[in-house]
Amino acid sequence: MSYILNASIQNIKTLFLLFLIGTLFLNTNKFQIEQDSIIRTKLKTIQGKQISSYRVLDSLFKKEQRDSSFMRALSTKSNEVNNYAAEGFAYNSLGISYRNASLYEKSIELHKASLALAIKAEDIELQVVSLNMIGVVYRRMDLVKPALDYHTQALDLANSISEKSIQLEASIAVSQNSIGNIYLALKRYDLAIKQFEKSLKIEEKLNQKLGLAINFHNIGYAQEAQGNLEAAMENYQLSLRYNNEINSDVGRVICYNSIGSLDIKLGKLEEAKNFINKALTKAIEIGDQFYLASAYVNLGWVELELDNLIESETNLKKALKISSAFNLTSSSVDANTKLSELYHTQGNFELAFLHYKAGIELENTITNERNFQYVNDIVLEYENEVKNKQIQLLADRNEELVRNQKLYMLIIFSVVLLAVILIAFNRNRQLRQEKQILTLEQDMLRNQMNPHFIFNSLNSIKLYIINNDKEKAVYYLNKFAKLIRKILVANTEKYISLEDELETMKLYLSIENLRFSNQINFSIKIDPNINTASIKVPSLILQPFLENALWHGLSSKNNDKKISLIVSRGTTHHVVVSITDNGIGRTESEKINRDKSLNRKSVGLDITKARLANFSKRFTSDYNLEIIDLYDDHHKSTGTKVALHIPTDLNLLK
């Protein structure tokens with residue numbers, strides 16, 4: 001019974017294990033399918049484009065850049081659709097992952113593959129990034145010459161583009177920062193700070209907090225080496241602040257290590273140990289052997305200062321083991337130096353000498369005079385080349401200016417000649433316009449002072465004299481004289497007030513009404529909100545419309561003859577003067593006057609429209625003239641309405 005029970009339990013365990021394996025397989029498969037789907041979706045935006053902007057790729061895959069499995073899948077999918085830029089982008093991201101794991105050979109291999117793809121895709125931005133990444137890896141390995149070669153190539157390629165993108169500006173900052181780091185390794189701190197400050201200016205311009213964090217830290221490192229400890233601490237703290245803002249664990253490790261080592265120099269050993277332990281914890285988390293070795297060196301150093309010799313030896317040996325395994329020359333130098341100090345303290349002079357010798361030999365591989373001279377020559381050569389290009393560019397521009405001097409003189413002469421022609425043409429146009437206005441004024445005067453009007457008016461007054469009606473004769477003679485004087489005065493002025501125009505029209509209608517035996521009922525209504533004294537109009541502009549109302553609208557009507565003149569506000573830019581008669585209308589009037597040889601109406605209206613057009617040029621809005629036929633409910637003509645929209649807002653630019 002016990003055997004059966006044990007067998008059953010064993011079967012259950014086996015089934016449960018198989019279930020777990022199956023679930024894990026399904027979840028893994030599901031995750032892979034989802035990941036493929038995400039990649040395919042994102043690839044659709046760049047699929048079929050042989051040349052794709054690095055900025056687009058960086059934005060599209062920003063969240064996945066540190067996801068190695070995603071980037072491997074991206075490289076595979078990009079290869080399938082022949083998208084060289086996307087494949088190169090994926091290789092660069094994978095290369096950074098290998099670099100952070102201190103697998104430098106593999107990292108260089110991937111960055112070089114990315115560079116080849118970037119060249120194939122003709123993507124300058126990706127080429128510059130790839131060159132810089134190769135240089136960074138060589139610098140981590142303390143291989144000065146190849147590091148400098150690749151950074152210089154990146155800098156030269158980026159500067160060959162006249163209109164630089166944000167990405168190219170950022171890459172230039174990376175190149176200058178890396179060259180500064182090479183100077184740091186060679187202990188040329190003044191030269192290093194100059195490079196970091198150049199890089200810092202670009203990062204400040206782009207507001208790149210990661211770049212700011214890196215450069216402030218590096219400047220602090222150089223200042224610490226120069227003995228300027230207070231300034232160095234300020235820059236380390238500033239760098240840490242930026243790294244916390246962008247949540248960079250790598251940045252925190254670097255800053256914790258640097259602040260810890262500086263605290264050792266300041267004698268703050270417990271504070272130093274606290275920061276170095278933080279650096280060690282973070283370095284273990286991210287798995288970066290470079291920073292892990294540095295943390296063990298600093299921890300061994302602080303334990304040495306605290307006289308904890310066993311703990312110090314343990315940590316320094318760990319640092320030396322990691323540095324030797326991953327070819328971290330600088331860390332090996334530091335570990336050997338501190339071990340030499342440790343063994344000297346213990347009285348073990350043989351081991352102290354061996355580690356001291358090993359440290360010196362390794363340091364000489366980095367800081368030997370030939371390496372420094374090589375770096376110095378390359379940087380000077382590059383800076384001279386940049387200056388020579390600038391000088392050549394200025395020389396070319398100067399030559400072009402000299403070559404084009406005659407052309408410029410010819411252009412200036414042509415412009416002056418054209419200006420003279422335009423001025424002459426404009427003056428001629430103004431003279432023609434003034435002549436046209438003068439002709440219009442003369443035509444208007446002839447139209448308003450026509451012999452028929454004068455003869456008929458005087459004839460009517462003469463009739464009063466014959467009938468011995470002296471009062472009316474004198475009354476109308478005074479009005480006639482006043483009207484003639486107003487007409488003559490008005491013709492000496494281009495524009496008069498609407499108030500004077502309405503007064504003149506009252507006189508005109510009262511004289512004309514004599515010929516109609518005073519049968520015409522004439523009224524004027526003015527909107528109380530309108531100041532007619534401040535509104536300018538062409539002189540005697542309303543007379544032709546009143547004349548038409550009288551002689552074409554009311555002359556053929558037997559009784560009940562009315563003319564109303566209303567002044568109202570149209571829009572904010574116009575005042576409306578409407579003249580309405582209850583005459584026979586335009587259709588009937590045309591029938592009556594069809595056989596007459598003189599059509600004074602059309603001539604008067606043409607002159608009036610031309611005068612109004614000239615008048616409106618001084619204003620922001622044009623005039624508008626409406627002639628409306630009025631009808632009753634049975635479509636029988638009940639008169640005519642003329643609505644004249646007069647502009648009021650002067651154009652101050654004219």
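Computed from the coordinates by the stated procedures, all read-outs in this text should not be read as laboratory data. Note that this is a predicted model, so its numbers are computed, not measured. In this analysis, Cβ positions are derived from the backbone assuming ideal geometry, glycine residues included, and neighbour counts consider all displayed protein chains.
Within segment 122-143, whose backbone N sits under 16 Å from a point 7 Å along Cα→Cβ of residue 225?
Answer for segment 122-143: 139-143.
Relative to the present Cα-Cα distance, how much length would full extension add between residue 307 and residue 418 at 0.36 nm per residue of separation?
Full-extension gain reported as 30.7 nm.
Could you list 301, 551 so that the one with the fewest beta carbons within 10 Å of its beta carbon is first and the one with the most is last?
551, 301
Rounded to the nearest 0.05, what FRET efficiency do residue 462 and residue 488 give with R0 = 25 Å and r taken as the Cβ-Cβ distance? Could you check?
Using R0 = 25 Å, I get an efficiency of 0.70.
For residue 271 and residue 187, compute 0.36 nm times the residue count separating them, minus their Cα-Cα distance, and round to one decimal in nm.
Between residue 271 and residue 187, full extension yields 27.5 nm more.
Can you figure out the FRET efficiency of residue 165 with residue 145, using R₀ = 35 Å and their beta-carbon distance, to the nearest 0.05?
So, using R0 = 35 Å, E works out to roughly 0.75.
Among the listed pairs 198/273; 278/317; 145/338; 273/338; 282/317, give every one whose C-alpha distance is greater than 23 Å.
198/273; 145/338
Rank these for me by crowding, 196, 516, going from fewest to most other beta carbons within 10 Å.
Listing 196, 516 from fewest to most nearby Cβ atoms yields 516, 196.
Relative contact order for segment 180-228: what is it in percent, counting Cα pairs under 8 Å that are at least 6 residues apart?
Reported as a whole number, the value is 39 percent.
For residue 454, project a label point 7 Å along Cα to C-beta. Then give me every residue of segment 544-578 with its amide nitrogen under 15 Å of that point.
Once the point is set 7 Å along Cα→Cβ of residue 454, nothing inside segment 544-578 turns out to lie under 15 Å by backbone N.
For each of 635, 574, count neighbouring Cβ atoms within 10 Å of the residue's Cβ, then give the residues from fewest to most.
Exposure proxy ranking, most exposed first: 635, 574.
Rg/Rh for segment 193-245: what does it come to with C-alpha atoms and Rh from Kirkwood?
Checking Rg against Rh, the ratio lands at 0.97.
So the label point goes 7 Å from the Cα of residue 346 along Cα→C-beta, right? Which residues of segment 263-306 then have their backbone N under 15 Å from it?
Backbone N within reach: 300-301, 303-305.
For the pair residue 606 and residue 526, how long in nm is the line joining their label points, each one 7 Å along Cα→Cβ?
3.4 nm
Would you kindly state how much longer the chain becomes between residue 244 and residue 587 on full extension, computed as 0.36 nm times their sequence separation minus their alpha carbon distance, in nm to one decimal?
114.4 nm
How large are Rg and Dmax for segment 275-366 when only the alpha carbon atoms are used, in Å?
Final numbers for Rg and Dmax: 12.5, 38 Å.
Please give the Cα centre distance for segment 84-149 versus segment 209-258, rounded to the nearest Å.
25 Å
List the aspartates and glutamates whose alpha-carbon lies under 16 Å from that of residue 591, not counting same-chain residues fewer than 8 positions away?
629
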